[in-house]
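**Q** First the structure, which I've put down as structure tokens, then a few questions once you've had a look.
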Amino acid sequence: MQPGEDMTFEVEGRWKEEVIYWEGSRGFVFDAGWGVQPLVLYVPSEAEWDSVTAEWMVGRRALIVSRLAERSGHVLREGGYKGGPAGRTVLR
């Protein structure tokens, strides 16, 4: 396990076009395409990941993306949804 990695995580579908990746009380909202088959989840490219995700996610793309692929029920695609922001952080 790398520093900063949290083995406790959750992938939550919220609303129609959001998937939240949670580690404890920290979360990050990813855009998702709703009403399409298969369901699509948009993730930042490897080149932009560290600059557009939360500080606690920096350097951890491979792990987080693999968790999203395993638990979200969506097909992952690099890029943003309709040119919007890459995501945003949330707290619970």
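**Q** Roughly how many percent of the accessible protein surface of the chain is carbon and sulfur, given a 1.4 Å probe and a whole-percent answer? Before the final figure, lay out the partial values.
**A** Details: 2800 of 5470 Å².
Here it works out to 51 percent.
**Q** Let me ask something else. Mind putting a number on the dipole of the chain about its Cα centre? Charges go on the C-beta only, +1 for Lys and Arg and -1 for Asp and Glu, and I need it in Debye to the nearest 20. Please report the intermediate quantities before stating the final value.
**A** On the way: 11 positive and 14 negative charges, 51 e Å.
Magnitude of the dipole: close to 240 debye.
**Q** Can you tell me the orientation of helix 61-71 relative to the chain, as the angle in degrees between its alpha-carbon axis and the longest Cα principal axis, to the nearest 10?
**A** 50 degrees
**Q** Compute the accessible area per residue over region 17-92, keeping the other protein chains in place, probe 1.4 Å, unit Å².
**A** Values: 4060 Å² over 76 residues.
I get 53 Å² per residue for this part.
**Q** Still on this structure: Put a dot 7 Å past each Cα toward the Cβ at residue 56 and residue 88; how far apart are the dots in nm?
**A** With each label placed 7 Å out from Cα toward Cβ, I get 1.8 nm.
**Q** Picking from 39, 27, 57, whose Cα lies most toward the positive end of the charge dipole for the chain (charges on Cβ: Lys, Arg +1; Asp, Glu -1)?
**A** 39
**Q** Kindly provide the helix-only [θ] at 222 nm of the chain, computed as the sum of -39,500 (n - 2.57) over DSSP H runs of four or more divided by all residues, to the nearest 500 deg cm²/dmol?
**A** On the way: 2 runs with 18 residues, N = 92.
Dividing the helical sum by the residues of the chain leaves -5500 deg cm²/dmol.
**Q** Which order do the peptides 47-57, 16-26 come out in when sorted by mean C-beta neighbours inside 10 angstrom, highest first? Numbers along the way, then the final one.
**A** On the way: 47-57: 14.9, 16-26: 17.3.
The peptides rank, most packed first, as 16-26, 47-57.
**Q** So who's got an amide H within less than 5 Å of the one on residue 76, skipping anything under 5 residues away but keeping other chains? H placed 1.01 Å off N, in plane.
**A** Amide H neighbours of residue 76, under 5 Å, 5+ apart: 41.
The values are calculated or read from the model by the stated rules, or taken from the named source; none is laboratory data. Just so we're clear, the structure is a prediction, and the values are computed from it rather than from any experiment. No Cβ is skipped: glycine too gets one built from the backbone with ideal geometry, and neighbour counts run over all protein chains shown. We work out accessible area using only protein heavy atoms, side chains counted, and drop any ligands, DNA or RNA first. Shrake-Rupley method; radii C 1.70, N 1.55, O 1.52, S 1.80 Å.
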